[in-house]
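Peer 1: Sharing a structure, written as structure tokens. Questions coming.
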Amino acid sequence: MSWAIREATVDEIEQLVALRRAMFEAMGFDDAATLDRTCAAAYAYFAEHMPTAAFRVWVAVSSSADADDTGRETGSGETRTCCGRDITLGRPDEGELIASIGLVIHSVPPSPHNLVGRVGYIMNLVTLPAHRRKGIAEALLGHVLGVVRSEGVLVASLHATQVGRGIYERAGFEIDESLPEMRLRFT
């Protein structure tokens with residue numbers, strides 16, 4: 001199977017949210033009610049921010065499908081449950097969405113390490129299990145890093161799971177122990 005990278009569209013928000021759910025499931029989140037609430041909130045976020053390009057997403061799409069015994073193309077058409085509905089990760093005419101990555105570029109006050117005061121925050125890097133270990137995640141990350149550079153952003157940041165950390169380290173990401181992130185959660 002081959003695949004291609006392209007920017008996602010607002011028409012694919014349900015599929016993107018289903019991929020996000022798959023990411024959380026792979027991280028060990030298994031409470032269906034919490035995941036349903038997360039999907040609903042993600043849908044609202046994507047619907048608000050994708051049309052303005054405040055949040056952008058790129059996807060890897062299968063570009064060839066297997067042929068059945070009649071010669072017709074058939075895709076895997078993986079289905080995921082999200083927000084109480086079954087979502088098929090693809091369109092018959094375009095192939096299956098097999099991975100995604102998101103980007104938010106935000107402004108911060110300039111600092112000695114970032115005089116332009118813009119940070120690219122990379123998130124939602126997820127590849128469906130059947131398509132892992134094929135270089136898709138690294139290609140998506142490389143593509144987004146190219147976008148960040150081309151837009152003059154000097155700093156990219158992200159949060160990595162232990163499983164995904166190697167991809168980011170190979171791309172040059174480092175943990176800066178002198179500036180550890182601290183977090184306070186309000187309930």
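Peer 1: Does GLU14 satisfy the criteria of being free of Cβ contacts under 8 Å to residues at least 24 places away in the same chain and surrounded by 12 or more Cβ atoms within 10 Å (Cβ to Cβ)?
Peer 2: For GLU14, the condition - free of Cβ contacts under 8 Å to residues at least 24 places away in the same chain and surrounded by 12 or more Cβ atoms within 10 Å (Cβ to Cβ) - is not met.
Peer 1: Within segment 37-88, track down each residue that is at pLDDT below 95, small (Gly, Ala, Ser) and at negative phi.
Peer 2: Selection gives SER62, SER63, SER64, ALA65, ALA67, GLY75, SER76.
Peer 1: Let me ask you something else. Give me the residue from segment 17-30 that is of a type in the set (A, V, I, L, M, F, W, C) and touching a residue at least 24 places away in the same chain (Cβ under 8 Å) and, out of that set, surrounded by the fewest Cβ atoms within 10 Å (Cβ to Cβ).
Peer 2: Among residues in segment 17-30 that are of a type in the set (A, V, I, L, M, F, W, C) and touching a residue at least 24 places away in the same chain (Cβ under 8 Å), the one surrounded by the fewest Cβ atoms within 10 Å (Cβ to Cβ) is MET27.
Peer 1: Looking at segment 1-57 only, could you name the residues that are within 17 Å of MET123 (Cβ to Cβ), part of a helix (DSSP H, G or I) and basic (Lys, Arg)?
Peer 2: The answer is ARG20, ARG21.
Peer 1: I would also like to ask the following. Looking at segment 164-183, which of the residues that are in contact (Cβ under 8 Å) with a residue 24 or more places away in the chain and not aliphatic (A, V, I, L, M) is farthest from GLY28 (Cα to Cα)?
Peer 2: By that ranking, first place goes to ARG170.
Peer 1: Looking at (1) at negative phi; (2) not in a loop (DSSP other than H, G, I, E, B), which is the only condition PHE173 fails?
Peer 2: Here PHE173 clears every test but (2).
Peer 1: From the list ILE105, ILE122, which residue is outside any helix (DSSP H, G or I) and either at pLDDT below 95 or farther than 21 Å from GLN15 by Cα (or both)?
Peer 2: Criteria check complete, one pass: ILE105.
Peer 1: Among residues belonging to segment 135-162 that are in a loop (DSSP other than H, G, I, E, B) and without any contact (Cβ under 8 Å) to a residue 60 or more places away in the chain, point out the one that is surrounded by the fewest Cβ atoms within 10 Å (Cβ to Cβ).
Peer 2: Per the criteria, the residue is GLN162.
The values are calculated or read from the model by the stated rules, or taken from the named source; none is laboratory data. Predicted model only: the values in this text are computed from it and were never measured. Backbone-built Cβ (ideal geometry, glycine too); neighbour counts: all protein chains shown.
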